[in-house]
Amino acid sequence: MTTSKTLYLASRSPRRVELLSQLGWNCIIKPADIDETPMPGEQAAVYVQRLAKQKALAAGRLLGSLVGTATILAADTTVALGTKLLGKPVDEADARAMLAVLSGSVHQVHTAVALLHNQTIKLAYSCSQVEMMSLSAGQIDAYLASAEWQDKAGGYGIQGLAAAWIKHVEGSYSGVMGLPLYETAALLREQGLSTL
């Protein structure tokens, strides 16, 4: 595999760009803005797979006639505590509420990846268990002041300051970051796009 392969990434996430670069991919950012509202009673695994697929297809529509030759990758991540889905907080108060409910919990981080290539779409899915320590109000305040909570499912990023709170991860660390590398690489291999 060369280190100069390029794909379209249906995301603004710098973390996903960084993770894909680890696999030797350059990204052309083609964010797809879709309605991310969960359906009534929708389970986390179904939700993230639906959104990843919709993002890939929306990016394909943006590319128009280029879509036939393009490789488009999309992903979606959500945090779940029981049946409660915690997406990206809308503001600081929402982030505070999310961190308060995740404090001292074992929760799940669900990530789905969609690959649109040769006008066919393939999906991969990862679920990781994350154990977070109990947080004081002061710890939450300090984290919110850092602004790291912005644009992150569940209001925290495991690759930043919140790493100090994570006692245990069972599953894909990169999946908790927003792009499970094993599953992503497997999708690319299956389509003949990678030898990794």
Would you check if there is a residue in the range 85-103 being touching a Gly at 6+ places or on another chain (Cβ under 7 Å), hydroxyl-bearing (Ser, Thr, Tyr) and surrounded by 15 or more Cβ atoms within 10 Å (Cβ to Cβ)? no
Leu193 vs (1) under 17 Å from Ala10 (Cβ atoms); (2) part of a helix (DSSP H, G or I): all pass except (2)
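Checking the conditions here, which among Leu51, Leu85 is more than 24 Å from Ser194 (Cα to Cα), modelled with pLDDT of 95 or more and touching a Phe, Trp or Tyr at 6+ places or on another chain (Cβ under 7 Å)? Step through it out loud before you land on a result.
Numbers: Leu51 fails: touching a Phe, Trp or Tyr at 6+ places or on another chain (Cβ under 7 Å).
Leu85 is the lone residue from the list that is more than 24 Å from Ser194 (Cα to Cα), modelled with pLDDT of 95 or more and touching a Phe, Trp or Tyr at 6+ places or on another chain (Cβ under 7 Å).
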Considering the range 1-53, residues that are touching a Gly at 6+ places or on another chain (Cβ under 9 Å) and of a type in the set (A, V, I, L, M, F, W, C), and then whichever is surrounded by the most Cβ atoms within 10 Å (Cβ to Cβ), we arrive at Ala10
Of the listed residues (Tyr173, Tyr143, Tyr182), the one being under 24 Å from Ala32 (Cα atoms) and among the aromatic types (Phe, Trp, Tyr) is Tyr182
(1) assigned to a helix (DSSP H, G or I); (2) at pLDDT 95 or above; (3) buried (at least 18 other Cβ atoms within 10 Å of the Cβ) all hold for Gly60 apart from (2)
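Just one of Ser105, Ser128, Ser65 is over 30 Å from Ile28 (Cβ atoms) and among the small types (Gly, Ala, Ser); which is it?
Working: Ser128 fails: over 30 Å from Ile28 (Cβ atoms); Ser65 fails: over 30 Å from Ile28 (Cβ atoms).
After ruling out the rest, the residue left standing is Ser105.
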Selection from the range 1-22 of residues part of a loop (DSSP other than H, G, I, E, B) and over 22 Å from Thr120 (Cα atoms) yields Met1, Thr2, Thr3, Ser4, Arg12, Ser13
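Gly171 - would you say it is buried (at least 22 other Cβ atoms within 10 Å of the Cβ) and either under 19 Å from Lys84 (Cβ atoms) or not acidic (Asp, Glu) (or both)? It would help to see each step written out before you state the result.
Working: buried (at least 22 other Cβ atoms within 10 Å of the Cβ): no; either under 19 Å from Lys84 (Cβ atoms) or not acidic (Asp, Glu) (or both): yes.
The answer is no for Gly171.
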Exercise. Test Asp76 against the stated conditions and say whether it is acidic (Asp, Glu), crowded, with 22+ Cβ neighbours inside 10 Å and either over 18 Å from the mean Cα position of the chain (by Cα) or closer than 25 Å to Thr184 by Cα (or both).
Key: yes
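Looking at the range 23-46, which of its residues are assigned to a helix (DSSP H, G or I) and under 16 Å from Pro180 (Cβ atoms)?
Within the range 23-46, the subset assigned to a helix (DSSP H, G or I) is 44-46.
Selection gives Ala44, Ala45.
How about the range 142-161: which of its residues are assigned to a helix (DSSP H, G or I) and in contact (Cβ under 8 Å) with a residue 24 or more places away in the chain? So that I can check it myself, show each step before the final result.
Keep residues of the range 142-161 that are assigned to a helix (DSSP H, G or I), which gives 142-146, 153-155, 161.
Selection gives Tyr143, Leu144, Ala153, Gly154, Gly155.
Considering the range 92-111 alone, what residues qualify as being among the polar types (S, T, N, Q) and within 18 Å of the chain's Cα centre (by Cα)? Let's see the steps before the verdict.
Residues of the range 92-111 among the polar types (S, T, N, Q): 103, 105, 108, 111.
Passing the criteria: Gln108, Thr111.
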- Could you check, for the range 112-133, whether at least one of its residues is under 18 Å from Met177 (Cα atoms), more than 17 Å from the chain's Cα centre (by Cα) and either modelled with pLDDT under 95 or buried (at least 19 other Cβ atoms within 10 Å of the Cβ) (or both)? yes
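Can you work out which of the residues in the range 160-191 that are of a type in the set (S, T, N, Q) and modelled with pLDDT of 95 or more is nearest to the chain's Cα centre (by Cα)? Even if it seems obvious, please write down each step before you answer.
Step one: filter the range 160-191 for residues of a type in the set (S, T, N, Q), giving 172, 174, 184, 191.
When the remaining residues are screened for being modelled with pLDDT of 95 or more, the result is 172, 174, 184.
Numbers: Ser172: 12, Ser174: 9, Thr184: 12 Å.
Checking each candidate, the answer is Ser174.
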Note on the range 115-153: residues of a type in the set (Lys, Arg) and closer than 20 Å to Pro14 by Cα are Lys152
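The values are calculated or read from the model by the stated rules, or taken from the named source; none is laboratory data. All values derive from a computational prediction rather than experimental measurement. So basically every Cβ, Gly included, is an ideal-geometry build from the backbone, and we count neighbours across all protein chains shown.
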